[in-house]
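*Asks:* Structure below; questions to follow.
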Amino acid sequence: MKGIVLAGGTATRLYPLTIVTNKHLLPIYDRPMIYYPIETLASMGIREVMVIVGGKSVGDVVELLADGAHFGIHLTYRYQRGALGIAHAIGLARDFVGDEAFCCILGDNILRGPALADIAATFEAGPYGAGTLLYRVPDPERFGVAELDANGGVLGFEEKPTHPKSDLIPIGVYYLRPEAFDVIEHLAPSARGEFEITDVLNHYVPGGRLFAPIYEGQWADAGTVASLLRAAELARDDHAAGRLAPPVERPAN
């Protein structure tokens, strides 16, 4: 399985913190935000990762992460021109992914809890075409929201609804197979002018081809000032409990 980290976007909800820098370079406790999704991918056993960059400070992202050797992975980069949505950004990785299944993580997603290696293995070995992790939040209207049937199965996802049909959202961890690129190619932009990942997930709901377990750990998306603070508190608490390893050391040269 290969990995993708999405680290573009304008992050207007974090102004003025992001006027002069990419939000994924902001600190979350003792390390840059983007370290967390990379460490999440590495903990799954993924060794080849593409970082989709865009917006400000692209060179700083590359300088920070280099070739990824200090994370125990190999990094490559691709530039996304403009904020065209998560699905569009994933589509840029088609050549990189090749024939492999892959996991895409949003660069502002902080997951503190069980490693995802078993979930990745279940997806890869199963009949699924796509997967995501569901998580309960108090403000689902900020996200794509899952609509469930009477048995708790996913009927579909609605992007940032005014009246959410549940408090379960797909957090920014997506498991996909190469066939998803053909789905992305035929998407139409939403009313926001973006190619939505929820439309990709909805494609796989019929026939039971969507894998959507509920994540049992702690999660924050670090996309607002409040959630940025919450993410730092999660990392601080893990550090106090001995569950947060020190930041990886960069090579001297």
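The values are calculated or read from the model by the stated rules, or taken from the named source; none is laboratory data. Predicted model only: the values in this text are computed from it and were never measured. All Cβ positions, even for glycine, are placed from backbone atoms using ideal geometry, and neighbour counts span all protein chains on display. Just the protein is used for accessible areas: all its heavy atoms, side chains included, with ligands, DNA and RNA removed. Shrake-Rupley method; radii C 1.70, N 1.55, O 1.52, S 1.80 Å.
*Asks:* For residues in segment 44-79 being of a type in the set (G, A, S) and touching a residue at least 60 places away in the same chain (Cβ under 8 Å), which is farthest from G113 (Cα to Cα)?
*Replies:* So, considering only residues that are of a type in the set (G, A, S) and touching a residue at least 60 places away in the same chain (Cβ under 8 Å), the one farthest from G113 (Cα to Cα) is A66.
*Asks:* Among the numbered criteria (1) closer than 18 Å to I197 by Cβ; (2) in a strand (DSSP E or B); (3) among the polar types (S, T, N, Q); (4) out of contact with any Pro (no Cβ under 9 Å at 6 or more places or on another chain), which single criterion is violated by T40?
*Replies:* In the conditions (1) closer than 18 Å to I197 by Cβ; (2) in a strand (DSSP E or B); (3) among the polar types (S, T, N, Q); (4) out of contact with any Pro (no Cβ under 9 Å at 6 or more places or on another chain), T40 misses (2) alone.
*Asks:* Among the residues of segment 105-127, is any of a type in the set (S, T, Y), modelled with pLDDT of 95 or more and open to solvent by less than 50 Å² (accessible area, probe 1.4 Å)?
*Replies:* In the first step, residues of segment 105-127 are kept if they are of a type in the set (S, T, Y); the result is 122.
Next cut, modelled with pLDDT of 95 or more only: 122.
Now drop any that are not open to solvent by less than 50 Å² (accessible area, probe 1.4 Å), which leaves none.
Within segment 105-127 (the criterion being of a type in the set (S, T, Y), modelled with pLDDT of 95 or more and open to solvent by less than 50 Å² (accessible area, probe 1.4 Å)), the answer is no, since none of the residues qualifies.
*Asks:* Could you count how many residues in segment 50-94 are in a strand (DSSP E or B) and either open to solvent by less than 40 Å² (accessible area, probe 1.4 Å) or closer than 13 Å to Y35 by Cα (or both)? Quick ask: steps written out before the conclusion?
*Replies:* Filtering segment 50-94 down to residues in a strand (DSSP E or B) leaves 50-53, 74-79.
Subset that is either open to solvent by less than 40 Å² (accessible area, probe 1.4 Å) or closer than 13 Å to Y35 by Cα (or both): 50-53, 75.
Total satisfying the criteria: 5.
Yes/no per residue for (1) charged (D, E, K, R); (2) under 24 Å from P114 (Cα atoms); (3) part of a helix (DSSP H, G or I); (4) open to solvent by 70 Å² or more (accessible area, probe 1.4 Å):
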residue: P170; (1), (2), (3), (4): no, yes, no, no
residue: D182; (1), (2), (3), (4): yes, no, yes, yes
residue: L229; (1), (2), (3), (4): no, yes, yes, yes
residue: A252; (1), (2), (3), (4): no, no, no, yes
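*Asks:* Looking at segment 187-204, which of the residues that are open to solvent by 30 Å² or more (accessible area, probe 1.4 Å) and of a type in the set (A, V, I, L, M, F, W, C) is modelled with the lowest pLDDT?
*Replies:* By that ranking, first place goes to A191.
*Asks:* Answer yes or no: is there a residue in segment 24-37 that is within 18 Å of the chain's Cα centre (by Cα) and on the phi > 0 side of the Ramachandran plot.
*Replies:* no
*Asks:* Examine segment 135-154 for a residue that is open to solvent by 50 Å² or more (accessible area, probe 1.4 Å), of a type outside the set (A, V, I, L, M, F, W, C) and touching a helix residue (DSSP H, G or I) at 6+ places or on another chain (Cβ under 8 Å), and state whether such a residue exists.
*Replies:* Residues of segment 135-154 that are open to solvent by 50 Å² or more (accessible area, probe 1.4 Å), as a first pass: 136, 138, 141-142, 147-151.
If we keep only those that are of a type outside the set (A, V, I, L, M, F, W, C) as well, we get 136, 138, 141-142, 147, 149, 151.
Next, only the ones that are touching a helix residue (DSSP H, G or I) at 6+ places or on another chain (Cβ under 8 Å) stay: none.
No.
Residues checked against (1) in a strand (DSSP E or B); (2) in contact (Cβ under 8 Å) with a residue 12 or more places away in the chain:
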{"residue": "F96", "(1), (2)": "no, yes"}
{"residue": "C104", "(1), (2)": "yes, yes"}
{"residue": "A115", "(1), (2)": "no, yes"}
{"residue": "A121", "(1), (2)": "no, no"}
{"residue": "G131", "(1), (2)": "yes, yes"}
{"residue": "E147", "(1), (2)": "yes, yes"}
{"residue": "T162", "(1), (2)": "no, yes"}
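*Asks:* For segment 21-37, which residues satisfy the criterion of being touching a residue at least 60 places away in the same chain (Cβ under 8 Å) and assigned to a helix (DSSP H, G or I)?
*Replies:* Those that are touching a residue at least 60 places away in the same chain (Cβ under 8 Å) and assigned to a helix (DSSP H, G or I): K23, H24, Y35, Y36, P37.
*Asks:* Any idea which residue in segment 3-49 is surrounded by the most Cβ atoms within 10 Å (Cβ to Cβ), counting only those that are within 27 Å of L176 (Cβ to Cβ) and of a type in the set (S, T, Y)?
*Replies:* Y36
*Asks:* Restricting to segment 184-216, give me the number of residues that are farther than 18 Å from A121 by Cα and assigned to a loop (DSSP other than H, G, I, E, B).
*Replies:* 13
*Asks:* Does any residue of segment 44-51 turn out to be among the charged types (D, E, K, R) and out of contact with any Ser or Thr (no Cβ under 6 Å at 6 or more places or on another chain)?
*Replies:* Initial filter on segment 44-51 (among the charged types (D, E, K, R)): 47-48.
Pick out the ones that are also out of contact with any Ser or Thr (no Cβ under 6 Å at 6 or more places or on another chain) and you get 47-48.
Checking segment 44-51: at least one residue is among the charged types (D, E, K, R) and out of contact with any Ser or Thr (no Cβ under 6 Å at 6 or more places or on another chain).
*Asks:* Name every residue in segment 15-35 that is of a type in the set (S, T, N, Q) and within 14 Å of L65 (Cα to Cα), in order of residue number.
*Replies:* N22
*Asks:* Still on this structure: Exactly one condition in (1) open to solvent by less than 10 Å² (accessible area, probe 1.4 Å); (2) on the phi > 0 side of the Ramachandran plot is not met by A235; state its number.
*Replies:* (2)
*Asks:* Out of segment 205-227, which residues are open to solvent by 80 Å² or more (accessible area, probe 1.4 Å) and over 26 Å from G156 (Cα atoms)?
*Replies:* If the condition is that a residue be open to solvent by 80 Å² or more (accessible area, probe 1.4 Å) and over 26 Å from G156 (Cα atoms), then V225 is the only one that fits.
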